[in-house]
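Working notes, structure below.
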Amino acid sequence: MRPQLIRSCLGCFLGFVVLALTAGAPQALAIEAGTLSPSTANAMAQAVSPQAIAEYRRKLKEYQEARAAFDEEAGAYWSAISEKRRGRNAKRRERVQITLDDYVLAQPPVYDGPKRPVNPAPEEEEEKPRRPPKTIPLVTDFVHAAAEQFGFTPQRPATETEFKRAYARYARTAGLTPEQAVRVYSFETGGNGNHDMQSGYRGPGTRAISTAVGYNQLLTTNSVELLAEQGHEIVKALTERAASLSGPARQAMDRKLAVLKKMVAFTRTVPDDWSAHERLADTPQGWAVHAMVLDIDVGPMLQTHKLLTSVIFARAKGYNRPLTAAELEMMNLTGDGTGLDMVTMPQAMREQVPTSNFFQRSGYERNPVAIRNNTVAKLLAVTNERMDFNSNKPGAKELAGAF
């Protein structure tokens, strides 16, 4: 069951490098960065005048009061967002038409008060232990886990073109249009992604920012969930393909099928729930399942089903008009229920409804794309623009040719 929360950055991963060249405040910068030794910090603290400490405490109180007032206002806003969302869900269950009144039409409040002041006496504040950042596994880790947990190595394509052709064949047969597949690929990978492209990782010296891999950027949880929900279809398709093979090719496919069946059984050891699948995905067996996105036979099927489940969901809810690539991407990114909320909205409403209606507060505040493009119409427009631009890149053209 896919989550009803939007991913935090809509396929656009932004990095910010701040160069602090403030010649007039080296001590403050050093304190803020936490680079002073305890003895040095203590000596500096003793040299700070009582007036400086009093001024700091006055500014700190001013900041805390402003921040508390903002948090109260923001808390009320995001509570209203949640309440409206529950109301829309109830209306849909009763098949009652959704109107503008079912959305919060104001934009989220923005904090514009004073900044938190720098403490001139750092020993006054208790040091909070910093939790080390979680290590994100890489493609090599997924492959190693597959070998260790299931005795299996994914069959990689001889060339990227081979993978694209396999994806195009299965996607077209399953019911995706070339436009949907190519434009989503263009948006998710920047128009030049390979089947083993991992979000943020471009080789030594770079760092993955998620476990998302491939043409449609599947997370480990996506792979676990897709095998739990669609595994029987994938096993059936490969079983039919195996019947046409013989010799070593048939033996290799039979071994792959045996492993795939074990993986499907593993993914079904928990309820069909995103949180439960997420916990499974963060285990060595879950990493092993994710390695299947690299396999020339299984990978294209997983990539296809990631999008196809959204198409099927929309049809099941009575939305029979073909989804544009941008609309499909909204469902791909936000979860089917939330995405369909945007997709089924008339254009006049899209111009007025803020994107915040489809977020949790923490996700929205980390998402500069949704903040800048702060209505549904603007968000769909910028998605289309990025698809238009990236569809002209070599990788996207090659995928289009594979169809």
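Below, the figures for the structure above:
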quantity	calculated
Count of residues meeting criterion [more than 15 Å from the chain's Cα centre (by Cα) and of a type in the set (Asp, Glu)] in the range 361-391	2
Test: residue 241 is closer than 17 Å to residue 170 by Cα, in contact (Cβ under 8 Å) with a residue 24 or more places away in the chain and open to solvent by 40 Å² or more (accessible area, probe 1.4 Å)	yes
Residue match in the range 55-67 (condition: surrounded by 13 or more Cβ atoms within 10 Å (Cβ to Cβ) and either outside any helix (DSSP H, G or I) or aliphatic (A, V, I, L, M) (or both))	yes
Candidates 292, 349, 301, 387, filtered to the one that is modelled with pLDDT of 90 or more and touching a Lys or Arg at 6+ places or on another chain (Cβ under 9 Å)	387
Cβ pairs under 8 Å, 6+ apart, first in the range 384-398 and farther than 15 Å from residue 188 by Cβ, second surrounded by 15 or more Cβ atoms within 10 Å (Cβ to Cβ) and of a type in the set (Asp, Glu)	398/160
Qualifying residue in the range 80-103 (condition: among the aromatic types (Phe, Trp, Tyr) and outside any helix (DSSP H, G or I))	yes
Pairs where the first residue, in the range 37-64, is among the basic types (Lys, Arg) and the second is at pLDDT 90 or above, C-beta under 8 Å, 6+ apart	59/114; 59/117
Hey, residue 131 open to solvent by 80 Å² or more (accessible area, probe 1.4 Å), under 30 Å from residue 376 (Cα atoms) and modelled with pLDDT under 95 or not	no
Selection count, the range 161-217, where residues are in a helix (DSSP H, G or I) and touching a strand residue (DSSP E or B) at 6+ places or on another chain (Cβ under 6 Å)	0
Exclusive hit being in contact (Cβ under 8 Å) with a residue 24 or more places away in the chain and of a type in the set (D, E, K, R), set 295, 254	295
Hey, residue 393 open to solvent by 10 Å² or more (accessible area, probe 1.4 Å) and either over 30 Å from residue 228 (Cβ atoms) or at pLDDT 95 or above (or both) or not	yes
Selected residue [at negative phi, among the β-branched types (Val, Ile, Thr) and open to solvent by less than 10 Å² (accessible area, probe 1.4 Å)] from 234, 209	234
Criterion violated by residue 383 - all others in (1) out of contact with any Phe, Trp or Tyr (no Cβ under 7 Å at 6 or more places or on another chain); (2) surrounded by 17 or more Cβ atoms within 10 Å (Cβ to Cβ) satisfied	(1)
Residue satisfying all of: in the range 300-332; touching a residue at least 40 places away in the same chain (Cβ under 8 Å), open to solvent by less than 10 Å² (accessible area, probe 1.4 Å) and touching a Gly at 6+ places or on another chain (Cβ under 7 Å); farthest from residue 156 (Cα to Cα) among these	330
Some residue of the range 170-180 being buried (at least 19 other Cβ atoms within 10 Å of the Cβ) and among the acidic types (Asp, Glu)	no
Residues satisfying the stated conditions in the range 271-292, i.e. surrounded by fewer than 18 Cβ atoms within 10 Å (Cβ to Cβ), in contact (Cβ under 8 Å) with a residue 12 or more places away in the chain and more than 21 Å from residue 134 (Cβ to Cβ)	272, 273
Scope the range 68-97; condition surrounded by 16 or more Cβ atoms within 10 Å (Cβ to Cβ) and of a type in the set (A, V, I, L, M); matching residues	74, 81
Any hit, the range 359-368, residues being touching a residue at least 60 places away in the same chain (Cβ under 8 Å), within 26 Å of residue 72 (Cα to Cα), open to solvent by 30 Å² or more (accessible area, probe 1.4 Å) and of a type in the set (Lys, Arg)	yes
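So that you can scan it fast, the table gives a plain yes or no per residue for (1) under 19 Å from residue 147 (Cβ atoms); (2) at pLDDT below 95; (3) of a type outside the set (Gly, Ala, Ser); (4) in contact with an Asp or Glu (Cβ under 9 Å, 6 or more places away or on another chain):
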residue	(1), (2), (3), (4)
227	yes, no, yes, no
253	yes, no, yes, yes
266	yes, no, yes, no
288	yes, no, no, yes
317	no, yes, yes, yes
320	no, yes, yes, no
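The values are calculated or read from the model by the stated rules, or taken from the named source; none is laboratory data. This is a predicted model, so every value here is computed, not measured. Cβ: placed from backbone, ideal geometry, glycine included. Neighbour counts: every protein chain shown. The protein model used for the area step is the full one, side chains on, heavy atoms only, and it has no ligands, DNA or RNA in it. Shrake-Rupley method; radii C 1.70, N 1.55, O 1.52, S 1.80 Å.
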